[in-house]
Amino acid sequence: MNRLTGMMAGRRYTIENVRGAPEFAGFFLDDKYFLHPELLTAIGWLDGDRFIYDQLSSTGEFAFPGGVAGTIKGLTLTLGDGRSLAITELETSAQPEWGTEHTYGSADELSLPEKRRKPAFLFATTAATVIAGYIIGRLLERRRGH
């Protein structure tokens with residue numbers, strides 16, 4: 001358990017949404033904050049008891065001053081303006097496994113093994129694209145005589 005925040009490793013936690021307070025649609029897992037189970041990129045994280053949230057406003061500025069949404073102590077997020085929001089653990093049945101997709105209002109089209117392969121395929125495709133871009137860039141630099 002993280003003694004500062006009260007969150008236990010391997011468990012998901014959500015932030016209470018209160019009228020008038022910023023809305024937090026994601027979840028914490030192992031000191032990182034995610035928007036969706038399918039997205040493996042954290043958009044927030046804990047630095048000690050500080051909740052760093054990489055959310056930008058419509059003008060490209062941090063939604064919270066310096067990117068710090070607030071501090072978390074004992075399953076309570078205290079925002080910079082002093083408001084407190086409860087943090088609660090998601091029920092075990094509401095904690096899907098990583099790599100599975102959830103469809104709403106339609107039948108599942110993929111079997112569980114196929115669902116687990118999809119994020120790995122997306123990661124591999126993205127990595128291959130980045131590497132190919134790097135190689136092409138280096139070849140073009142050489143061709144130009146740099």
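Bear in mind that the values in this text are calculations on the coordinates, not laboratory data. Quick caveat, the model's predicted, so the values are computed rather than measured. FYI the Cβ positions are ideal-geometry reconstructions off the backbone, even for glycines, and counts take in every protein chain you see.
Determine, for TYR33, TYR13, TYR134, the number of other Cβ atoms within 10 Å of each Cβ, and report the residues in order from fewest to most.
Final ranking by Cβ density, sparse to dense: TYR134, TYR13, TYR33.
Mark the label point 7 Å from the Cα of ALA124 along Cα→Cβ and return the residues of segment 29-71 whose backbone N is within less than 20 Å of it.
Within reach of a label on ALA124, which here means backbone N under 20 Å from a point 7 Å along Cα→Cβ, segment 29-71 contributes 38-41.
List SER58, SER84 from most exposed to least, where exposure is judged by having the fewest other Cβ atoms within 10 Å.
Ascending Cβ contact count within 10 Å gives the list SER58, SER84.
Is segment 12-91 best put as rounded, prolate or oblate by its Cα gyration tensor, with a ≥ b ≥ c the root eigenvalues, rounded for a/c under 1.5, and otherwise prolate when a/b is larger than b/c, oblate when not? Don't skip to the answer; put the middle values down first.
On the way: a/c = 1.41, a/b = 1.09, b/c = 1.30.
Here segment 12-91 falls in the rounded category.
Which value in nm describes the separation of the simple spin-label points at ARG143 and ALA63, placed 7 Å from the Cα toward the beta carbon?
Placing both labels 7 Å beyond Cα along the Cβ direction yields 4.3 nm.
Gain in length, ILE136 to ARG11, computed as 0.36 nm per residue apart minus the alpha-carbon separation, to one decimal in nm?
40.8 nm
Once you list every other residue whose beta carbon is under 12 Å from the beta carbon of GLN55, what net charge do they have if Lys and Arg are +1 and Asp and Glu are -1?
-3
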